[in-house]
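Working notes, structure below.
The values are calculated or read from the model by the stated rules, or taken from the named source; none is laboratory data. Computed from a prediction, not measured in an experiment: that's the story for all the values here. Every residue, glycine as well, gets a Cβ built from its backbone with ideal geometry; the counts of neighbours run over all protein chains shown.
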There are 2 protein chains.
Amino acid sequence: MAGRMRIGDAAAAAGTTPRALRFYEQRGLLPPPVRTAAGQREYGPETVTRVRVIRALLALGLTVEDLASRSHRLDLLASDPPRSCASEGDFGPDTFAPVIAQRLAALDAEIARLTRLREALARHTGAVVP
Amino acid sequence: MAGRMRIGDAAAAAGTTPRALRFYEQRGLLPPPVRTAAGQREYGPETVTRVRVIRALLALGLTVEDLASRSHRLDLLASDPPRSCASEGDFGPDTFAPVIAQRLAALDAEIARLTRLREALARHTGAVVP
DNA sequence: CTTGCCCCTGACGCGCGGGGCAGGGGTTAG
DNA sequence: CTAACCCCTGCCCCGCGCGTCAGGGGCAAG
């Protein structure tokens, strides 16, 4: 099994890079991992799961800061025993609902802004709106 | 009349700051202005007009680089004799059509991306789309 | 033992439109 | 003449999610 792995393997298993893992650690999304005697990081499979969750949430538009403020909840999502989540496509609405709602509002505002911009811009070309 | 003015007055007349005018100059949106013997920049009213045009185009979402690549055309728009433009709300479609079309495409892509993101995010809250 | 890949920390880069500050000199009203 | 502004250049700062060196050390196979 994939017991203990070094940062490169863990990152590959999670679909990202060593740089990203160190970055998440620095920003508090990942706990400081065990180190070998020589100072190299060692990760278990639960960290890979957690990184996957982090990346899924980031891909949904949440920010690193959003996740850092809820990093203790990421623990729950990454743990083995399912607590009404842990399956792909469900990240625990109760836990992330507030921050997701905030992101939704921000997205709506941004979409509205860009749409207004697009319309203003189209007005100067002679109405090209399909 | 407002013959020759220093950077602070010119910036205020154009609705911006001295810092912005120096920045536009450095990026090639404004020609290097006349200097006094002591090295202070002096602007005429045509520069104020030109800065207004620049800010209008930036507000429409064009980038500084877009404008820099067409800076010679900004001259025409800022000149006194009207050449089928020079009025508010019309910035010369023939001149800026290519770059505006490019921006429109970029805006559409971005709007689509954010809309997809919004929908993916909404799916995780239990359908809140109004 | 060597070779070649992996890992470490620390610091800078990016894109964008400027903001802010430091340290110096100009200008003008009283 | 002096105070109170204004202007000059040059430099670092912002947000965000990392990428990319630079300069060193570790680790397993041959």
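Take the residues in the range B:1-29 that are in contact (Cβ under 8 Å) with a residue 40 or more places away in the chain and assigned to a loop (DSSP other than H, G, I, E, B); name whichever of them is farthest from DNA strand C (Cβ to nearest atom).
So the residue we want is B:M1.
Hey, can you tell me all the residues within the range A:27-60 that are among the polar types (S, T, N, Q) and within 12 Å of DNA strand D (Cβ to nearest atom)?
Of the range A:27-60, the ones among the polar types (S, T, N, Q) are A:36, A:40, A:47, A:49.
A:T36, A:Q40, listed by residue number.
Among the residues of the range A:65-87, is any modelled with pLDDT of 85 or more, within 16 Å of DNA strand C (Cβ to nearest atom) and in a helix (DSSP H, G or I)?
Yes, there is a match, as at least one residue in the range A:65-87 is modelled with pLDDT of 85 or more, within 16 Å of DNA strand C (Cβ to nearest atom) and in a helix (DSSP H, G or I).
Take the conditions farther than 20 Å from B:R27 by Cβ, at pLDDT below 85, touching a Leu at 6+ places or on another chain (Cβ under 7 Å) and in a helix (DSSP H, G or I) and apply them to B:A122. Does it pass?
On the way: farther than 20 Å from B:R27 by Cβ: yes; at pLDDT below 85: yes; touching a Leu at 6+ places or on another chain (Cβ under 7 Å): yes; in a helix (DSSP H, G or I): yes.
Yes.
Considering the range A:21-77 alone, what residues qualify as being small (G, A, S) and surrounded by fewer than 14 Cβ atoms within 10 Å (Cβ to Cβ)? Break it down stepwise before answering.
From the range A:21-77, those small (G, A, S) are A:28, A:37-39, A:44, A:56, A:59, A:61, A:68-69, A:71; that's our starting set.
Correct list: A:A37, A:A38, A:G39, A:A59, A:A68, A:S69.
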